[in-house]
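We did not get these values from a lab; they are worked out from the coordinates using the rules stated. Quick caveat: nothing in here was measured; it's all calculated off a predicted structure. Heads up, the Cβs are rebuilt from the backbone with ideal geometry, glycines too, and the neighbour counts pull from every protein chain shown.
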Amino acid sequence: MKVNKWSERLFGTPLPDGVVITSFLFPLLYLVAFLIIPTFVMLATAFEYNGHISAHWFSSIFRSAYYFNPLHPDGYLVKTLTYGGKEVYHFYGWDFGVVINSILVSIAVMILTTILGTVFAFIMARYDFPGKNIMRVLLFIPLLVTPFVNVVVVKKMFLPDGIINWIFYEHLHIFPKPIWIDGLVGVIIAQTITYYPIVYLNAYASFINIDPSLEEQAENLGSKGFHLFRTVTFPLALPGIMSGAILVGIFSLEDLAAPIVFQGSPIAKKLMSYQIYSSFVSGFAIGNPQMAALALVMLVLAVIMFLAVRWYVGLRQYAMLSKGGRWNPRVAKPKWWQALLIAFVAVPVLLITVFPQIGVLLLAFSKSWYGTWPSGFTLDNMKAIITQPDIERVIINSLMYSTAAVFIIILLSLTSAYASNRFKKARLAPIIDSLATIPIAVPGIVIAMSYFFFFSTVPPFKGSSLDPTNLLEFFPGAALILAYSIRRLPFAARSISAGLQQVHVSLEEAAMNLGAGRWKALTSVIIPMIYLNLFGGAMLSFVYCMSETSVGITLGSINSTWYPITAKMKELIIGAVGSANLAAALGVFLMAVQITAIVIANLITKQRYSFIGLT
């Protein structure tokens, strides 16, 4: 009797079978082993000083002007410099120290992406105008991930002889002087262009899911125009917008591509992600508790943002309430002045944000790029993908790592979603659900650092042939597969969980009442009904694993034989002149993989944007 009560408390049923026990224990043990324990090992390292528990390393960070300098910032936001014999406005940024710089960059990116994403989402959700479908396609283009290369194009765009000055200074004469964007401002611009579609997708979903009757009631009471938007529409959409903004904030905090590309500017290096990365690749991270402490500072900031938005969204569930059924979103023809704003403000801004991906194509098929435009058409860079052994090898490596990780992700997602959705009364259910979701808030560089400390301090790895300098050098792919499976788990887990919520438990119970075991009911009833969710989650996770940056360029850079694509792209970007063209060719390959996956997923699921999975 006591065993039955104990089982019912833990698993939600007094007589759990093998399927139930596995559904609870497999994701729980896996996530504890490869997420929680490595994080606690890093935590213990950060709080250890001379054999005692101490906050010394955290104190050393916040007492150092290099890491924390709120009162006496260096640098400037903008000033006039001479470049190529002519005066330019140089946008640079203030240096408040590594920690504050990272926070300010993250906040600035959140604000800018929220403005861009919300404006575009409102236009696409509420207005019908010529060229809307083309604009919809263009809004999708920035979602194509091309690590490092798109930032290189952004940097070229905002040089004094870049395309922005070519348009707005030389031809339209809007700028009084050429502009040159660099430093932290360059990082902010690059991240904004990269991440604003995340806010757009979340905001768009929020706008089209608002019950029209709520706005109609406000109009009947006299509200209209901007007052209606400010008091009714925007507050109802705010939970979705906030979710996208916080996700962008976390991505900005952990981003390594922009700081690495802009590292020629010293201030761009003074970000937490770059500091941890540079110490890692230089070997200084081995046994360096200060870097463990800095990684934990980053982790705490990311988790606070994640938990804050979950709490906020939980308080605002009214945004999606309705009287039942579906409705047609409120779509209208724009007024003349609104049409002008769309045509002469929104569209040009959109084209600017699309150009980095176009620039990747131009760079991949050109011989060089000096000045405004690339020169010299060539197919040699694309041929190198299948003819150069080192390039071919990194593609095969990434395909192997991503495929292995996706198999693990599907098993973790299916078991965790089944346990948390079908046995909600179990005490382990909310724990498993939280563990399957929280990795989205854990920066990849933090996972890389935690794995390194884990393998160097925990038996049987410590002091054996399996320590990091041997294990990770011999086959870093094993650590990459583990890290990928943790990092990209939430996307598939949310997709599969949503599918399970749509399959009523009575269907499973009916099969079991007719004599089918739980395993038979799961494989013959539930999985066939959620296979679209399984497939969508698998495709999404696969693409994100292929383009994983922070883990790939840290753990993946230990042994060049086992480089993933992103590690090779980083090496090419910071390598010899002309190597960026090869990196762009790899970026084109990644775009082709993403487009193929999206098309296949949409054809199978027959849902527009079913592949994105961010809303």
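Separation of segment 157-192 from segment 70-99 is 15 Å, based on Cα centroids.
Please name which of ASN533, GLN501, ASN69 has its Cα lying farthest along the dipole of the chain towards the positive end, using unit charges on Cβ (Lys, Arg +1; Asp, Glu -1) and the Cα centre as origin. Of ASN533, GLN501, ASN69, it is GLN501. Only Cα pairs under 8 Å and at least 6 apart count here; give the relative contact order of segment 339-430 as a rounded whole percent. Computed over segment 339-430, the figure is 11 percent. State whether segment 117-170 is rounded, prolate or oblate according to the following rule on the C-alpha gyration tensor (a ≥ b ≥ c being the square roots of its eigenvalues): a/c under 1.5 gives rounded; otherwise a/b larger than b/c gives prolate, and the remaining case gives oblate. Taking the square roots of the gyration eigenvalues as a ≥ b ≥ c, segment 117-170 is oblate.
Counting alpha carbon pairs within less than 8 Å and at least 6 residues apart, what relative contact order, in whole percent, applies to the chain?
Values: 952 pairs, mean separation 122.4, N = 615.
For the chain, the relative contact order is 20 percent.
Rounded to the nearest 20 debye, the dipole size of the chain about its Cα centre is 1220 debye, using +1 on the Cβ of Lys and Arg and -1 on the Cβ of Asp and Glu.
Placing unit charges on each Cβ (+1 for Lys and Arg, -1 for Asp and Glu) gives segment 74-269 a dipole about its Cα centre, and among THR146, SER223, TYR200 the Cα reaching farthest toward its positive end belongs to THR146.
When the pairs LYS270/LYS367; LYS367/LYS570; LYS383/LYS570 are compared against a 24 Å limit on Cα-Cα distance, LYS270/LYS367 fall above it. Rg/Rh for the chain stands at 0.97; both radii use Cα atoms, and Rh follows the Kirkwood definition.
Evaluated over segment 74-269, the count of Lys pairs having alpha-carbon atoms less than 27 Å apart is 12 (only pairs 8 or more residues apart or interchain). The gain in end-to-end length when the HIS227 to GLU509 segment is fully stretched comes to 96.4 nm, 0.36 nm per residue minus the alpha carbon separation. Only helical runs count toward this figure. For the chain, summing -39,500 (n - 2.57) over DSSP H runs of n ≥ 4 and dividing by all residues gives -19500 deg cm²/dmol at 222 nm.
The mean sequence distance of close C-alpha pairs (under 8 Å, at least 6 residues apart), as a share of the length of segment 74-269, puts its relative contact order at 31 percent. Oblate is the label for segment 79-138. Its Cα gyration tensor axes, ordered a ≥ b ≥ c, give a/c of at least 1.5 and b/c at or above a/b. With the alpha-carbon atoms of segment 74-269 aligned to their principal axes, the span from lowest to highest coordinate is 61, 40, 31 Å, starting with the largest.
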